[in-house]
Every structure is written in structure tokens, then in C-alpha cells.
Amino acid sequence: MTVSYVVSGFAVGLLVGLTGVGGGSLMTPLLTLLFGIHPSVAVGTDLAFASATKTAGTFAHRFKGTVRWDIVRRLCVGALPAAVFATLLLKHFGAVSAEISQIIRYSIAVSVFLTVIALLFKGKLQGWLNAHPERHLQGRQLINATVLAGAVLGILVTISSIGAGAVGATLLVLLYPRLSPAEIAGTDIAYAVPLTAIAAVGHWWLGSIDWSLLGALLLGSVPGITIGSLAARAVPEKILRGLLAITLTSVALKLVF
């Protein structure tokens with residue numbers, strides 16, 4: 001089974017390297033559907049996995065100067081307390097109870113659907129906003145909207161481990177359409193590091209992290225992400241994102257039905 005986890009980590013890492021999205025959206029459903037891992041354990045383990053991989057990504061983006069730290073701070077003001085709140089809710093209601101497991105399963109499905117929407121329409125949304133600058137939020141409205149977006153992501157990520165990638169990037173496009181793609185990617189990864197770390201600590205406190213599983217996933221994902229990143233330019237992005245959207249839609253439907 002360990003070999004299967006390593007191979008799964010490699011496959012997900014490869015897709016993340018090729019497309020830039022899909023880590024949590026693929027890993028958590030993969031663990032629950034293919035390997036029968038308990039939803040709470042799948043979420044907790046994936047959060048620890050994401051925290052480790054996104055930390056490495058943040059160093060790279062920091063070196064390139066593509067992180068907007070002012071936006072990261074605003075997102076964290078909303079996301080970090082929300083992650084703690086969501087963890088306490090899981091603790092209160094029982095993170096491993098049958099009812100909570102069903103809620104987590106449905107939240108994963110909703111998060112996957114949101115990721116598909118983000119994948120398919122992010123470019124169109126950005127184009128529309130660039131053509132209508134009068135629609136851009138400014139000043140205090142923009143700050144408040146960013147904090148609120150962080151809070152929504154904090155709850156979503158803590159419960160389902162999904163949302164910090166494509167969904168977070170799409171919200172950044174909506175709120176800050178003038179950011180370059182590199183700044184969106186860098187900022188999205190940077191705020192997700194403390195968020196996934198706090199959420200992972202919360203799940204460790206709840207006892208829902210499988211450390212041996214985490215090690216096997218990381219062992220496979222590191223070379224997968226590296227190879228995928230190197231091969232990204234050779235494969236048309238539109239084709240990759242289309243295939244990823246179809247895969248994620250199938251996963252979400254399977255989780256629900």
C-alpha cells in the first residue's frame with residue numbers, strides 16, 4: 001500500500017506541476033475514494049502535505065519578488081481565526097463521527113466543484129474586470145472584502161483541505177485584477193502556508209493525521225512536482241486544464257452520489 005501512496009503522490013505532484021492547481025482537489029478525494037481513508041484523516045493529512053509543499057513554493061516566489069505581502073496579511077486576518085474556529089467546531093461535534101464525516105465528504109465535493117468553476121472561468125472573469133475598471137473595489141471596501149474572502153477560505157480549507165489553490169487564486173483575480181499571474185500565484189501560495197499549517201495543527205490535535213501516509217505522499221510528490229514544472233511548457237495549458245476540470249467534476253459527483 002505504501003508504494004501506491006508514493007505513486008499517488010507522484011501523480012498528483014505531476015498534475016500540480018503541469019497546471020499549478022489540483023493538489024488538495026485531487027489528493028483528498030483520491031484518499032477517500034480510492035484508498036478508503038476516513039474523510040477526517042484524508043483532510044488532516046492533506047493539510048499537512050499542503051503546508052510542507054506550499055512552504056517550498058513560497059520561498060521560490062519570495063526569491064522572485066512575486067508575493068504581495070500586504071494582501072497576504074489581509075487574507076490571514078480573516079483566514080487564521082476562521083481556521084481556529086472551524087477546528088473548534090470539529091472538536092465540539094466530533095471530527096470522526098459518522099455525521100461529521102458525511103458533512104466533510106459533502107464539503108469536499110462542494111470545494112471540488114468550486115475549483116472546477118475557478119479553473120474554467122478565471123480567465124474570463126479577469127478579462128471582464130480588466131475591461132470594466134469602474135467595477136474594481138477600492139480602499140476600505142477592498143480591505144474588508146479581502147478579509148472576508150480569507151475567512152471563507154479559512155473555513156473551507158480547514159473542513160475540506162480544498163480551496164487554497166484555484167478558488168483562492170480566483171478570488172484574488174476578482175479582488176485584485178491588476179495583479180500579474182505570477183503575483184496571483186505567489187500571493188495565493190504565501191497566504192496558504194500559515195492557513196494550512198494552523199489547520200494541520202488543528203487536525204493533529206483532533207488526531208486526524210496519518211504521519212506514515214504523509215511521508216509516502218511527500219516522497220512521491222517532490223519528484224512529481226519537479227518533473228511537471230519542467231514539462232509544463234511542452235503541454236498546452238488549455239488541454240491540461242480541460243482534462244483536470246473533467247476529472248474533478250467526476251470526482252465531485254462520485255463523492256455526492
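A few comments on the model shown:
- Using the Cβ of Ala164 as centre and a radius below 11 Å, the other residues enclosed give a net charge of -1, where K and R count +1 and D and E count -1.
- Taking a sphere under 11 Å around the Cβ of Thr28 and counting the other residues whose Cβ falls inside, with K and R at +1 and D and E at -1, yields a net charge of 0.
- For segment 1-92, a/c is not less than 1.5, where a ≥ b ≥ c are the root eigenvalues of the C-alpha gyration tensor, and a/b does not top b/c. That puts it in the oblate class.
- Rounded is the label for segment 153-257, because a/c, from the alpha-carbon gyration tensor with a ≥ b ≥ c as root eigenvalues, stays below 1.5.
- Accessible area of Glu99 in the full protein assembly, 1.4 Å probe (Å², nearest 10): 130
- In terms of overall dimensions, the C-alpha atoms belonging to segment 146-185 reach 30, 17, 11 Å along their principal axes, ordered largest to smallest.
- For the chain, alpha-carbon Rg over 2.2 N^0.38 Å: 0.95
- Ordering of 118-129, 155-166 by burial proxy (mean other Cβ atoms within 10 Å per residue, highest first): 155-166, 118-129
- Placing a pseudo-label 7 Å from each Cα along the Cα-to-Cβ vector at Val256 and Ile239 gives an inter-label distance of 3.0 nm.
- Going by accessible surface with a 1.4 Å probe and the largest first, Phe10, Phe93, Phe63 read Phe63, Phe93, Phe10.
- Pairs from the list Lys64/Lys254; Lys91/Lys238; Lys122/Lys254; Lys54/Lys91 with a Cα-Cα gap above 30 Å: Lys64/Lys254; Lys91/Lys238.
- For the chain, the relative contact order comes to 44 percent (Cα pairs under 8 Å, sequence separation of at least 6).
- With 0.36 nm allotted per residue and the present C-alpha distance subtracted, the Thr55-Phe85 stretch has 8.5 nm of extension available.
- A 1.4 Å probe run over segment 100-238, with the rest of the protein chains in place, finds 47 Å² accessible per residue.
- Computed label-point distance, nm, for sites Thr2 and Arg73 using a 7 Å Cα→Cβ extension: 4.5
The values are calculated or read from the model by the stated rules, or taken from the named source; none is laboratory data. What you are looking at is a predicted structure, and each value in this text was computed from that prediction instead of being measured. Neighbour counts run over all protein chains shown; Cβ positions are idealised from the backbone, glycine included. Side chains are part of the model used for accessible areas, which takes the heavy atoms of the whole protein and leaves out ligands, DNA and RNA. Shrake-Rupley method; radii C 1.70, N 1.55, O 1.52, S 1.80 Å.
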